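The values are calculated or read from the model by the stated rules, or taken from the named source; none is laboratory data. These numbers were taken from a predicted model, which means no experiment stands behind them. Because the Cβ atoms are built from the backbone with ideal geometry, glycine has one as well, and the counts that use them run over all protein chains shown. The protein model used for the area step is the full one, side chains on, heavy atoms only, and it has no ligands, DNA or RNA in it. Shrake-Rupley method; radii C 1.70, N 1.55, O 1.52, S 1.80 Å.
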Amino acid sequence: MSVIDDLTSELARLPGIGRKTALRLTYHLLRQPHSQSRRLAEALVQLTERVRACDRCHNLTESPLCALCADPRRDPAIVCVVEEASDIASIERAGEFRGLYHVLGGRLSPLDGVGPDDLAIGDLLARIEPEGVKEVILATNPSLEGEATALYVQRQLLPRGVRITRIARGLPVGGDLEYADGVTIAQALSARREML
């Protein structure tokens, strides 16, 4: 296997990158100055050597605590549970949530061999009493696995006496009923609320 094939194969393993795009990226890198390719390689090495899971919430960070956990302005009584660290950025973009997070590191998927012990559920449960958590928001994806994960976490939290909420699902703002699928419309109808 040539060096070009090797890099193309590695790039094609990245999510959203097919073989054709990987080959285009490989040729693009070959056209760049050597210094740029070295900076990219060094950035990848630094990424794998320095980034780690936050000791508290499992978000990605270079320090023992991530910037969110270290921020004294965040409300530690509310914890939002997400599947992956990348989900935090989506919630933070909205600018509405001021609590803390907990990253599970995936979702339950028996077919893929992912069970409760493979996720950071125990670490979440261990945070409840010592940190004075009053509410846990389950923000797992609305997929079959995400729903199963939310249900499992809910059952684990029930004996701890905290308020457990689930993010709402339904039609996006600016969406059109004509293009929405039946499950989305059903969820939007079941999560309807009084107009004030």
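In the complete set of protein chains, residue-level accessible area for Glu10 is approximately 90 Å², probe 1.4 angstrom. Could you work out which residue, out of Asp71, Asp176, Asp118, moves most in a Gaussian network model of the chain, that is, has the largest mean-square fluctuation with Cα springs under 10 Å? So, out of Asp71, Asp176, Asp118, the one fluctuating most is Asp176. Computed over the chain with a Gaussian network model linking Cα atoms closer than 10 Å, the most mobile of Gly161, Gly115, Gly182 is Gly182. With the alpha-carbon atoms of segment 64-194 aligned to their principal axes, the span from lowest to highest coordinate is 47, 37, 27 Å, starting with the largest. By DSSP, the beta bridges lying fully in segment 66-176 are antiparallel in about 5 percent of cases. Take segment 39-142 with all the other protein chains still there, run a 1.4 Å probe, and you get 56 Å² of accessible area per residue. When all protein chains stay in place and ligands, DNA and RNA are ignored, the 1.4 Å accessible-area order of His58, His34, largest first, is His34, His58. The order of Leu7, Leu119, Leu158 by accessible area, most exposed first and with a 1.4 Å probe, is Leu158, Leu7, Leu119. Taking every protein chain into account, the 1.4 Å probe leaves Ser37 with about 40 Å² of accessible area, to the nearest ten.
Under unit Cβ charges (Lys, Arg +1; Asp, Glu -1), what dipole magnitude, rounded to 20 debye, does segment 86-196 have relative to its Cα centre? I would put it at about 460 debye. Per-residue 3J(HN,Hα) values for segment 27-33, derived from phi via the Karplus relation 6.51 cos²θ - 1.76 cosθ + 1.60 with θ = phi - 60°, read 5, 4, 4, 5, 7, 7, x Hz in sequence order (x marks Gly and Pro).
Note on the chain: GNM, Cα springs under 10 Å; of Val136, Val103, Val114, the largest mean-square fluctuation is that of Val114. Between the amide H of Arg166 and those of Leu138, distances stay under 5 Å, these residues lying 5 or more places away or on another chain, with hydrogens modeled in the peptide plane. Computed from backbone phi, the HN-Hα couplings of segment 113-123 come to x, 9, x, x, 6, 8, 10, 8, 6, x, 5 Hz, rounded to whole numbers (Karplus: 6.51 cos²θ - 1.76 cosθ + 1.60, θ = phi - 60°; Gly and Pro given as x).
For segment 81-86, the Karplus equation 6.51 cos²θ - 1.76 cosθ + 1.60, evaluated at θ = phi - 60°, returns couplings of 9, 10, 6, 10, 4, 5 Hz by residue, with Gly and Pro reported as x.
Charged side chains reduced to their Cβ positions (Lys and Arg at +1, Asp and Glu at -1) give the chain a dipole of some 360 debye around its Cα centre. Toward the positive end of the charge dipole of segment 1-152, with +1 on the Cβ of Lys and Arg and -1 on the Cβ of Asp and Glu, the farthest Cα among Val103, Val45, Tyr152 is that of Val45. For the chain, with all protein chains present and a 1.4 Å probe, just round the carbon and sulfur fraction of the accessible area to a whole percent. C and S atoms contribute 56 percent here. Output the antiparallel fraction of DSSP beta bridges having both residues in the chain, as a percent to the nearest 5. In the chain, DSSP labels about 20 percent of beta bridges as antiparallel.
Under 5 Å from the amide H of His102 lie the amide H atoms of Cys80, Val81, Val82, each residue being 5 or more positions distant or on a separate chain, with H modelled from the backbone and absent for Pro and chain starts.
If you take the square roots of the eigenvalues of the alpha-carbon gyration tensor of segment 11-100 and sort them as a ≥ b ≥ c, do you get rounded (a/c under 1.5), prolate (a/b over b/c) or oblate? Verdict is prolate for segment 11-100.
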